[in-house]
Amino acid sequence: MFKSFLKLQWKSFFRSSSMGKSLGIKIVMGFFALYFIGMMAFMGSTVFFLLERAIPNSDPLVILSQYLMYWVLGELLFRYFLQKLPVMDIKPFLLLPIKKSSIAHYILGRSSVSFYNFLSLFFFLPFGIVLLIEGYAAMHVVFWLMAIIGIVLTINYINFIINKSERTLVGIGFLLLAVYGLEYFKILPVKEYAGKLFYAFYDNPLFAIIPLVTAGLFYYLNYSFIRNRLFLDASLQKKTAQANASDLSWTKRFGAIAPFLQLDLKLIWRNKRTKTQVFMSLAFVFYGLLFYGMEDMGMGSGMLVFVGIFMTGIFLMNFGQFIPAWDSSYYSMMMSQNIPLRKYLESKAMLIYVSIVFMFLLSIPYVYFGWDALAINFSCALYNLGVNVPVILFFGSKNKKRIDLNKSAMGNMQGISATQFVVGIPLFGLPMIIYGLFAFFVSFEAALIVLSVLGVVGFVFRNKILDSITRIYRKKKYGMIAGFKEQNS
Amino acid sequence: MIIVENLKKKYVGITVLDIEHLDIPKGQSFGLVGNNGAGKTTFFSLLLDLIQPTTGKIINNQIQVDQSEVWKKHTSSFIDETFLIGYLTPEEYFYFIGELRNQNKADVDALLNNFEDFFHGEILNQRKYLRDLSKGNQKKAGIVASFIGNPEVVILDEPFANLDPTTQIRLKSIIKDLAAKKEVTVLVSSHDLIHVTEVCERIVVLNKGEIVKDIETSEATLKELELFFSGEEEFQENISAS
């Protein structure tokens, strides 16, 4: 039975709509996976020596054990967002002569061989091998590894239970911060205690049984939970949330585009994928810290232009890229109605304009790194307003892949094709090149002025530009309708 | 009102629709029947300029459908649930369509009042999004939305399918009332021969993309249609036998 399920899962994986049909995407995903595996293995084998050098005269295993607590909490957080539970479409199996226990066991068993579990193993196994080489007691190391595997599986099954609960997520996040805070402010040596706890798994091999037992416990908890819910009406019926009808009459001041603005705002707010993207976009205002914090990035570096465009234009990219595709499920209706295409596009553009201004305001604190930072972000924002908005709308017209608004945004590859990566080139590359040329041949200030002027010019002529983009959308209408109809693209 | 000339639609060399000439006068209630793959939805899609004809044209109130968008002002339609905006409540959807057709809230409310019976208390004031309604209710909402704004042409693709018995009967009388208004041209496609003969004054049968019958509805029409569709099978059996 297990084998049959496996075969079905294999087929569904490769035939799934969110896999991304094009070979290019699969290769990219493969590379990412290999990259992470390689990184983990590399870190696992070298961290021993790093710790030895960083904190001399101490046992690296003891040091590592202290950080394992952060690892556990961090994994829970990480998995909450990224790990998709292997939900099988159970309905077809309920009518067939298959034992419900088989289904439940299969779902749980499958999750135990998830990529995320292996990722952790790719770190700990090399580390364990290094320990063996360095002369640690073999038996102890082996049992320690078994304990780690037990912990990984426990985390995996705990995630099953808490995955949909936002409260637990906040709880874990809070716990993580609290533990870190206690340590940082030297209130409680939490790390030491946790370190002793985790070290005990090495010290006394018998303790290794504990994590394996907890793994089994959570497995059983999940099993009984799932087994009892394998009815049509139990977990399979979606809870329909109460609809909040919003008036949004303040949009009337925008005139003719008001009905479309209202529609777009509701689109963003009432659909999982778009809503998560808005929050993600807001979080990206911190992205710049990565770059500005690095000492070797000179102020005149082109990378800062990349960061400026990225931060002020994050919503532009996330939302703008898929602009007709957001409405893909009812695009035919929109096209058969008396909808002035121009107004439709204008309202989308308006949303993006507002987002750029908003993100720029959020990025003002970067003035902490100097007035230059503010100037860069400002010219990037102007450039985004005037040049990148039409660019992204133009690329949107090439969009023919359907997007299902109800699926979550995390790890959702639906609607993504090679075009999405190609868009990045003119969006980022062009301003970086312009900046680079002028900064090199003339001056830093000149480069920023050029970017700003381009932006302002583009914005001033936005009506004309929008007209030509509307023409393009009109031409591509049939292709888009046909593409959006395809359910499994 | 609607004139079709030399309309052909080909996909990869296969002609799925071939109508030399069709004239639907204003105010007619027009029924389209045919087996699966006959070309009904293709015809409606061409009529609404959702797909391009390979050759030929459709003229809607003297406007060529794929040349200008003016016909959209007086034409409304409901093809399937994808025509609904799932994340809106039914009221929001009705008002949105109303705005597109220059109807204010009061106008839309006045229209919706007429359909209180039809809605059976399951559509309005439910605080549910369209995507959370049952399929039948979604259809009801979509069909009524197509009446907003006093359209001159109403296109309904298989409106009776998947509706419960009470709703079907109510819908029949709604369409008959609509058709009685001589300014409104109603086009309905259906698999249900009985419904379509009751509701439409003219029935056109499509088979493999071509018009094979064009009947003015009368007492004998139902029998004629039944004979045709069962006779077709006999005919095909004869082909395979010989």
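Each value in this text was obtained by applying a stated rule to the coordinates, not by laboratory testing. From a predicted model like this one, the values you see are computed outputs, not experimental measurements. Because the Cβ atoms are built from the backbone with ideal geometry, glycine has one as well, and the counts that use them run over all protein chains shown.
Some notes on this structure:
- Straight-line reach from A:Lys196: taking Cα to Cα under 17 Å and skipping same-chain neighbours fewer than 8 places apart, the aspartates and glutamates in range are A:Asp59, A:Glu183.
- Figure legend: label point modelled 7 angstrom from the Cα of B:Asp164 along Cα→Cβ; residues of region B:119-134 with amide N under 16 Å from it are B:119-124, B:133-134.
- Karplus 3J(HN,Hα) series, Hz, for region A:262-275 with 6.51 cos²θ - 1.76 cosθ + 1.60 (x for Gly, Pro): 4, 4, 5, 5, 5, 4, 5, 7, 9, 10, 3, 5, 5, 5
- Spin-label proximity, B:Lys223 to region B:174-205 - amide N less than 20 Å from point 7 Å beyond Cα toward beta carbon: B:193-205
- Neighbour-count order for A:Val457, A:Val72, fewest beta carbons within 10 angstrom listed first: A:Val457, A:Val72
- Order of A:Val47, A:Val170 - criterion: other Cβ atoms within 10 Å of each residue's Cβ, fewest first: A:Val170, A:Val47
- Top of B:Ser77, B:Ser218, B:Ser190 by mean-square fluctuation, Gaussian network on chain B, Cα under 10 Å: B:Ser218
- Chain B: most fluctuating residue of B:Phe44, B:Phe229, B:Phe160 per GNM, C-alpha cutoff 10 Å: B:Phe229
- Each 10 Å bin from 0 upward holds the following percent of the Cα-Cα pairs of chain B: 7, 30, 35, 21, 6, 1, 0.
- When the protein assembly as shown is described by a simple charge dipole with +1 on each Lys and Arg Cβ and -1 on each Asp and Glu Cβ, the residue from A:Gln66, A:Val450, A:Met280 located farthest towards its positive end is A:Gln66.
- Theoretical FRET efficiency, 1/(1+(r/R0)^6), r = Cβ-Cβ of A:Ala54 and A:Ser468, R0 60 Å, to 0.05: 0.55
- 11 Å beta-carbon shell around B:Leu50, net charge (K/R +1, D/E -1): 0
- FRET E, pair A:Asp372, A:Ser114, Förster distance 35 Å, beta-carbon r, rounded to 0.05: 0.15
- Per-residue 3J(HN,Hα) values for region A:249-257, derived from phi via the Karplus relation 6.51 cos²θ - 1.76 cosθ + 1.60 with θ = phi - 60°, read 6, 5, 6, 4, 5, 7, x, 5, 7 Hz in sequence order (x marks Gly and Pro).
- Degrees, to the nearest 10: A:371-383 long Cα axis against longest axis of chain A: 60 degrees
- Within region B:46-72: backbone nitrogen closer than 15 Å to the B:Asp23 label point (7 Å, Cα to C-beta): B:59-62
- Whole-Hz ³J(HN,Hα) from phi, Karplus 6.51 cos²θ - 1.76 cosθ + 1.60, for region A:155-163, glycine and proline x: 4, 4, 6, 4, 4, 3, 6, 8, 4
- If you wrap the Cα atoms of region A:249-485 in a convex hull and average its projected area over all directions, you get 13.1 nm².
- Counting every alpha-carbon pair across the protein assembly as shown, the share separated by more than 42 Å comes to 45%.
- Annotation: amide H-H contacts under 5 Å for B:Leu32 (H modelled 1.01 Å from N, sequence separation of 5 or more, or interchain): B:Val188, B:Ser189, B:Ser190, B:Val204.
- Between B:Glu116 and A:Ser443, the C-beta separation translates, for a Förster distance of 56 Å, into a calculated FRET efficiency of about 0.20.
- Amide proton proximity set for B:Asn61, modelled H, under 5 Å, gap of 5+: B:Ile2, B:Ile3
- Cut-off under 5 Å, modelled amide H: who pairs with B:Val16 long-range: B:Lys9, B:Lys10, B:Tyr11
- Between region B:13-32 and region B:69-145, the Cα center-to-center distance that results, in Å: 27 Å
- Seen from B:Thr167, the other residues with C-beta closer than 11 Å to its C-beta sum to a net charge of +1, counting Lys and Arg as +1 and Asp and Glu as -1.
- For A:Arg462, A:Arg167, A:Arg471, order by how many other beta-carbon atoms lie within 10 Å, fewest first: A:Arg167, A:Arg471, A:Arg462
- Among the GluC sites (Glu not before Pro) within region B:188-231, those in coil by DSSP and having at most 11 neighbouring Cβ atoms inside 10 Å are B:Glu219.
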